[in-house]
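Remarks on the structure that follows.
The values are calculated or read from the model by the stated rules, or taken from the named source; none is laboratory data. Since the model is a prediction, treat every value here as computed from it, not as a measurement. Ideal geometry is used to build each Cβ from the backbone, glycine not excepted, and the neighbour counts take in all protein chains shown. Calculation scope for accessible area: heavy atoms of the full protein, side chains included, ligands and nucleic acids excluded. Shrake-Rupley method; radii C 1.70, N 1.55, O 1.52, S 1.80 Å.
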Amino acid sequence: MAAIYNPRQVILVTCRAEMDILGKKQLKDDIITLSWHMPVSFDPAVYAIAIGTAKFSSKLIQKSGVFVVNFIPNELEKQALFCGTHHGEHMDKFKETKLTKEESEKINCPRIKEALAYLECELINTVEAGDHFIFIGKVINSAEIKQGKRLFQGPSEAGYKFTTTE
Ligand SMILES: Cc1cc2nc3c(=O)[nH]c(=O)nc-3n(C[C@H](O)[C@H](O)[C@H](O)COP(=O)(O)O)c2cc1C
């Protein structure tokens with residue numbers, strides 16, 4: 001069905017939680033690539049993201065109750081593909097992609113310095129929608145840093161293809 005609802009804007013969501021990995025407690029940061037996301041309220045400002053129930057980032061967000069939506073420029077296509085095709089449990093996606101980690105101002109969660117804009121969100125509700133959770137987050141801090149062309153997931157059924165605006 002991707003050919004029906006794409007192109008959709010590609011974002012990177014960052015998250016952090018202490019997890020039990022191979023019997024050891026570790027503070028894990030992760031980055032997941034998403035094209036299923038939307039604003040759902042003006043006042044208060046609320047943003048919703050859909051993440052597969054088995055994804056590592058789903059587990060981090062359920063545990064910490066916070067996440068950051070990073071709106072990215074078209075130039076970060078390679079990094080978006082990497083974060084969208086690797087499971088974060090046993091790797092550090094910041095290190096692998098060389099994206100710059102920045103601390104959020106209002107929540108305990110990393111942000112991406114190269115982002116054009118970001119939303120720092122606190123989870124207020126989770127809806128199980130088939131094989132994805134919809135994480136509904138109240139935006140408690142946001143900024144637009146600069147303008148630039150955004151990255152979009154194209155309408156291809158075979159693998160991930162990207163596009164942008166004119
Ligand atoms: C362009 C693109 C869009 C994606 N959109 C979503 C999405 O909206 N929801 C989702 O759960 N996974 C999406 N994915 C897949 C996840 O990013 C991918 O499974 C990722 O490796 C999960 O990482 P994690 O296990 O570290 O959380 C997308 C991948 C790409 C490349």
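Worth a mention:
- Given (1) assigned to a loop (DSSP other than H, G, I, E, B); (2) in contact (Cβ under 8 Å) with a residue 24 or more places away in the chain, index of the condition Asp43 fails: (2)
- Among the residues making up the stretch 48-64, a single one is more than 7 Å from the ligand (Cβ to nearest atom), in a strand (DSSP E or B) and either under 10 Å from the mean Cα position of the chain (by Cα) or more than 26 Å from Ala3 (Cβ to Cβ) (or both): Ile49.
- The listed residue being open to solvent by 50 Å² or more (accessible area, probe 1.4 Å), within 13 Å of the ligand (Cβ to nearest atom), in contact with a strand residue (DSSP E or B) (Cβ under 8 Å, 6 or more places away or on another chain) and more than 22 Å from Ala48 (Cα to Cα), out of Glu96, Glu77: Glu77
- Identity of the residue in the stretch 144-166, assigned to a loop (DSSP other than H, G, I, E, B) and more than 20 Å from Cys83 (Cα to Cα), that ends up modelled with the lowest pLDDT: Glu166
- In the stretch 1-33, the qualifying residues are those that are in a strand (DSSP E or B) and free of Cβ contacts under 8 Å to residues at least 40 places away in the same chain, and the one that is least open to solvent (accessible area, probe 1.4 Å) is Gln26.
- Pairs, first under 11 Å from Glu114 (Cα atoms) in the stretch 54-77, second assigned to a helix (DSSP H, G or I) and open to solvent by less than 70 Å² (accessible area, probe 1.4 Å), C-beta under 7 Å, six or more apart: Ile72/Ala80
- Flag for Glu89 being closer than 14 Å to Thr14 by Cα and assigned to a helix (DSSP H, G or I): yes
- In the stretch 46-69, residue nearest to Gln153 (Cα to Cα) [restricted to those that are surrounded by fewer than 24 Cβ atoms within 10 Å (Cβ to Cβ) and touching a Lys or Arg at 6+ places or on another chain (Cβ under 7 Å)]: Val46
- Within the stretch 6-46, the set of residues being touching a strand residue (DSSP E or B) at 6+ places or on another chain (Cβ under 6 Å) and of a type in the set (Phe, Trp, Tyr) comprises just one member, Trp36.
- Selection status of Asn141, assigned to a strand (DSSP E or B), free of Cβ contacts under 8 Å to residues at least 40 places away in the same chain and open to solvent by less than 50 Å² (accessible area, probe 1.4 Å): yes
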